[in-house]
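Below: one structure, written as C-alpha cells.
Values in this text are rule-based calculations from the coordinates and carry no lab data. Just so you know, these numbers come straight off a predicted model, no measurement behind them. Here the Cβ is made from the backbone with ideal geometry for all residues, glycine too, and neighbour counts use every protein chain on show.
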Amino acid sequence: MRDLCHSAISILLITAFVGFPLGCSRSAGDEAIAKDIQGKISVDPDTKDSQVSVEAKGGAIKLSGSVHSQAAQQKIEQIAREEPGARNVDDQTMIQPDATPSAETMHSVPIEPPKPQPMVIPAGTVFVVTTSQALSSKTSQAGQTFLATLAQPVSVGGRNAFPKGATVSGTVVTAKTKGKIKGQGELALELTSISTKEHTYQIQTNVLSSTVKGKGKRTAATTGGGAAGGALIGGLAGGGKGAGIGALVGATAGFVGGAFTGNKQIEIPAESPLSFTLTAPLTLPPLAK
C-alpha cells in the first residue's frame with residue numbers, strides 16, 4: 001500500500017514537472033512568433049507605416065489596428081500566414097487612409113497657380129482717338145456711325161488694356177446745319193465701342209459738342225460727364241473761305257481736332273485727334289496666359 005502511494009505521488013510530480021516546461025515553452029513560442037511578425041511588418045516598405053498589433057496564442061495569430069490601404073492589409077496578412085508556427089490568421093485590421101499627404105505625394109501634385117483677375121478700366125480714363133473720316137455739321141447725320149483708331153495705348157496699373165491702333169467706333173449724336181436752324185451749326189459726337197483682335201467692347205463716354213452761332217461766334221461743351229473732356233479753342237487763322245480753324249482737344253491732349261467754315265459749319269477732317277472720357281467703368285475678362 002505504501003509503495004502504491006509512493007508511485008502515485010511520483011507520477012503526479014513527474015506530470016507537474018513535465019507540464020510546466022511545456023506551458024512555458026508554448027508561451028515563449030507564441031511570443032517569438034508575434035514578435036517576428038511585428039518586426040517583419042515594421043520593415044516592409046508596403047506595411048511599415050501601418051499601426052498593427054500582433055497576438056499569438058497556440059499558433060493562432062490575431063491582427064488588429066489600422067492600415068493605410070487594402071494592399072498593405074493584404075501584405076500584412078500574407079506575412080502572418082507565412083510565419084513558421086502560425087496555424088491560422090484572424091485579420092481584424094481596418095483600412096483608414098491617411099488624410100495628411102506624404103511629402104512624396106505633395107511633390108507629385110502640381111500647385112495650381114492663382115487665377116487671373118479681370119481688368120477694370122475706371123471711369124475718367126481718357127481715350128485719345130484719330131478719326132478715320134471727315135465729319136461735318138453739314139454732311140453728317142444724327143445716328144451716323146464713324147470709325148477712329150486709338151492714338152495712344154490705354155493701360156491700367158501698368159498692364160496694357162488696349163494698344164495704339166485699336167479700332168474705335170462712335171456715333172454722331174447731333175448734326176445741325178445753318179439751313180435747319182437759322183444762324184446755328186452744331187455737331188456732337190460720342191464713342192460707343194472699341195475692338196481689339198477678336199473682341200469688341202461696348203463703352204460709354206462723354207459727348208463732345210460744338211456749336212457755331214452768328215458771325216465768328218462759337219461755343220463748345222462736353223456732356224454726359226467729364227466736362228473737361230473736350231473744348232473748342234482757337235480762332236480764325238486767316239482770311240478766305242474755310243480759313244477758320246478750331247480744335248477739339250482733351251484735358252490731357254493738345255491735339256488739333258476740328259475746324260469750322262465761314263458758312264458757320266463745323267468741320268472735323270479725317271485724321272483729326274479727339275479726346276473722349278469714359279463715363280462708366282469698363283471690365284475686361286482676364287488676359288490669357
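Annotation for Val156 and Met94: the two label points, set 7 Å from Cα along the Cα-Cβ direction, are 5.4 nm apart. In this structure the amide hydrogen of Leu284, modeled in the peptide plane, comes within under 5 Å of the amide hydrogens of Met119, Val120, Ile121, none closer than 5 places in sequence on its chain. P(r) tail for segment 49-96: Cα pairs beyond 14 Å make up 41% of the total. Amide H contacts of Phe127: Phe276, Thr277, Leu278, each under 5 Å away and 5 or more positions distant or on a separate chain (H built 1.01 Å from N in the peptide plane; Pro and chain starts excluded).
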